[in-house]
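Worksheet for the structure shown next.
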Amino acid sequence: MKSKMNFLLLEYAINAILRRGKKNIFILLIFSMLVFLLSSVLFISDSIKLELNSVVKSLPEITLQRFVAGKQSDVSLSRAEELLSIEGVKSAIPRIWGYYYFKVAGVNFSVVGIDAFEDQYKESLQKIVDSVDVGVLEKNSGMIVGEGVKKVLEENYYKDFFNFVTAEGKWKKVTIAGVFSSDISLEANDMILLPKNTAYEIFGMDKKMATDIVVKVSNPKEIPMIVSKINLLFPDMRAITKDDIRVSYQNIFDYKSGFFLSLFLICAFTFFIIIYDKTSGLSSQEKKEIGILKAVGWSMDDIIKEKFYESFIISFCAFIMGLCAALFFVYFLQAPLLRDIFMGYSKLKPDFILPFSFNVEMLCLLFLLSVPIYIAATLIPSWKASTLDADEVMR
Amino acid sequence: MIKLSHIHKIFTQGNTEVVALSDISLHVKDGEFTVLKGASGSGKSTVLSLIAGLSRPSSGEVLVEGKAISKLPDNFSALFRRENIGFIFQKYNLIPTLSVRDNIILPLIPQNPSEEVLTHSVNHVMEKFSIAHKADMLVKNLSGGEQQRVAIARALINKPKIILADEPTANLDAKLSNELIAILKQLKEENTTIIVATHDPLFFDLDFVDAQVEMKNGKIV
């Protein structure tokens, strides 16, 4: 049975690509670069969004901070008891935490105080606390650190311990009792967990106070009402809901997206210069070739088909090359340079692993905005040339 | 049978109109060998181009094998050309960056023949014109005579009923010209219709030429 696919025509198309090698390699590289850059940005932003969504999901419904004269201040532990009297509040957990600036490395660690007899405000933290003996940790003055913290400390001499400088200006030596790799690595990477008493000492806090209070509610739909009741009960406290944090993250990413939108425009501009160059006409050599093909008996359909193969091979290969390069760059190499732009707010953040995320819809859109446009840009001038008399085209 | 009736062909160059052919009528029977002679610019090549359907007349009708080729839609005229006409161009019109073999098989590609048929056809014509040993060489690296033989091989690979040759000996030496004439004689014996446009006197005294038509300033004289 005779095959419908004309492999001779396909072979001719491949040959034609190779014959105009330099020009086609240039187009292939530009095209691949465009796809690579755009899909890399797409993968990174999707990946980070996925990670942040899981972070936001694990956050407490309401976080309460106390403000005195516009400045965040510690909050009395007794307020946690009072909060429980509000209808709909499931639990109120006081937190002892803060950022500790490690000057030598220029990074901030998130220091969190834990207590064996207290519920943690989120599951991931609860799992870590459950897995260690906080009593022993306190007795030995130990701490558990995230992988990022461990790496930074090791790079700066501290292999087994770390000397905190307390609020009183004294050294506080704390040994590294363990390293945890949280599933939610983005938030846990820069985290140090140590007993509450050690945290109080480092931050110089009164032991009757907490940094803030997180509130869990029975019904998330009641959050606005509970927030208004808290505001009435404690006018000096600010309630931050999960949605507020989500919006805050969203704003950061919108800003980053804006940056990449401009990059995208530059790439798109380059791409459309190629497209313009292609549609503005064929070279005299290419025109003559079309004339010769017509003269030896090729129909307009044959010529268009051959040009379609040519342009499809180039654009599809470029698309696949760009896509594979982006997958390798983002998920294997962990997007060096590009990730720093997205994650620039902390030096510790780049150490987390970008979770795999594949946005098929966006990739389809990218495909449709590049490959068919390039094919059309190749076919239109070829079609124009093939409508002319062969004699005229060959002249 | 080839029949041209009251053909006019006018080219437009910018704002100027150039009359290439004026009221040409010509009749060539099947299997005939016709020589179109005349000086450069007399319109010989334009006549061949119209017969092959490479261009269309401004007025008049061109009938080839009973079909008005000048009025056929593009795809049909291409198909007709592919199946019936072999054109040998004065400037060869080969694709310089393709090999000898790839140039010769060009007319076969749209037909999508089997590998066996393709190989047999191309080998046959390459051997016939003594270019088989250069099958993989790029055409741009061949001499003028060799390029002409590639062009002839390409014109004949489809075993056309009609051969149109435009100044086929213009770039050949005496030996190669005589070889070409021998090939054309052989084709004539195989009942192929041949029209040669030339001002080479070699063609004027050939005993197998059936008709000689002289052209001047776009007219038959």
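The values are calculated or read from the model by the stated rules, or taken from the named source; none is laboratory data. Given the structure is predicted, the values throughout are model-derived calculations rather than measurements. Glycine gets a Cβ as well: all are built from the backbone with ideal geometry, and neighbour counts include every protein chain shown. Ligands, DNA and RNA are excluded from the accessible area calculation, which covers all protein heavy atoms including side chains. Shrake-Rupley method; radii C 1.70, N 1.55, O 1.52, S 1.80 Å.
Table for the structure above
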| item | result |
| --- | --- |
| Residue B:54 vs. criteria closer than 14 Å to residue A:390 by Cβ, more than 8 Å from chain A (Cβ to nearest Cβ) and either under 15 Å from the mean Cα position of the chain (by Cα) or not hydroxyl-bearing (Ser, Thr, Tyr) (or both) | no |
| Filtered residues of the range A:286-317 (kept if among the polar types (S, T, N, Q), more than 9 Å from chain B (Cβ to nearest Cβ) and within 23 Å of residue B:75 (Cα to Cα)) | A:311 |
| Residues located in the range B:91-142, provided they are facing another protein chain (nearest Cβ under 10 Å), of a type in the set (A, V, I, L, M, F, W, C) and farther than 14 Å from residue B:157 by Cα | B:94, B:95, B:98, B:138 |
| Any chance residue A:290 is touching a residue at least 60 places away in the same chain (Cβ under 8 Å) and open to solvent by less than 20 Å² (accessible area, probe 1.4 Å) | yes |
| Restricting the range A:11-64 to residues that are of a type in the set (Phe, Trp, Tyr) and open to solvent by 30 Å² or more (accessible area, probe 1.4 Å), the residue that is nearest to residue A:267 (Cα to Cα) | A:36 |
| Residues of the range B:1-23 classified as touching a helix residue (DSSP H, G or I) at 6+ places or on another chain (Cβ under 7 Å) and open to solvent by 80 Å² or more (accessible area, probe 1.4 Å), total | 0 |
| Residue check, residue B:72 modelled with pLDDT of 90 or more and hydrophobic (A, V, I, L, M, F, W, C) | no |
| Residues that are assigned to a loop (DSSP other than H, G, I, E, B) and charged (D, E, K, R), drawn from the range B:168-182 | B:173 |
| Failed item, numbered, when residue A:98 is tested on (1) in contact with a Phe, Trp or Tyr (Cβ under 8 Å, 6 or more places away or on another chain); (2) closer than 30 Å to residue A:286 by Cα | (2) |
| All helices (runs of 4 or more DSSP H) inside the range B:53-163 with 3 or more residues being without any contact (Cβ under 8 Å) to a residue 12 or more places away in the chain | B:74-84, B:115-128 |
| Condition broken by residue A:213, with the remaining ones in (1) at pLDDT below 90; (2) under 31 Å from the mean Cα position of the chain (by Cα) satisfied | (1) |
| Test result for residue B:79, within 12 Å of another protein chain (Cβ to nearest Cβ), open to solvent by 20 Å² or more (accessible area, probe 1.4 Å) and closer than 17 Å to residue A:298 by Cβ | yes |
| Whichever residue in the range A:374-395 is open to solvent by 50 Å² or more (accessible area, probe 1.4 Å) and modelled with pLDDT of 85 or more and, among such residues, is farthest from the other protein chains (Cβ to nearest Cβ) | A:380 |
| Options B:159, B:175, B:188, B:134: the member that is surrounded by fewer than 16 Cβ atoms within 10 Å (Cβ to Cβ) and modelled with pLDDT of 90 or more | B:159 |
| Residue count for the range A:8-64, restricted to those that are within 14 Å of chain B (Cβ to nearest Cβ) and either assigned to a helix (DSSP H, G or I) or over 30 Å from residue B:109 (Cβ atoms) (or both) | 16 |
| Matching residues, the range A:151-182, being touching a Ser or Thr at 6+ places or on another chain (Cβ under 9 Å), without any contact (Cβ under 8 Å) to a residue 40 or more places away in the chain and within 14 Å of residue A:111 (Cβ to Cβ) | A:162, A:172, A:174 |
| Verdict on residue A:5 being surrounded by fewer than 20 Cβ atoms within 10 Å (Cβ to Cβ) and touching a Gly at 6+ places or on another chain (Cβ under 9 Å) | no |
| Qualifying positions in the range A:296-310 - more than 15 Å from residue A:389 (Cα to Cα) and among the acidic types (Asp, Glu) | A:302, A:306, A:310 |
| Odd one out for residue B:74, checked against (1) open to solvent by less than 40 Å² (accessible area, probe 1.4 Å); (2) farther than 30 Å from residue B:132 by Cβ; (3) more than 7 Å from chain A (Cβ to nearest Cβ); (4) over 12 Å from the mean Cα position of the chain (by Cα) | (3) |
| Any helices (runs of 4 or more DSSP H) falling wholly within the range A:101-166 and containing at least 2 residues that are open to solvent by 40 Å² or more (accessible area, probe 1.4 Å), of a type outside the set (Ser, Thr, Tyr) and modelled with pLDDT under 85 | A:123-131, A:134-139 |
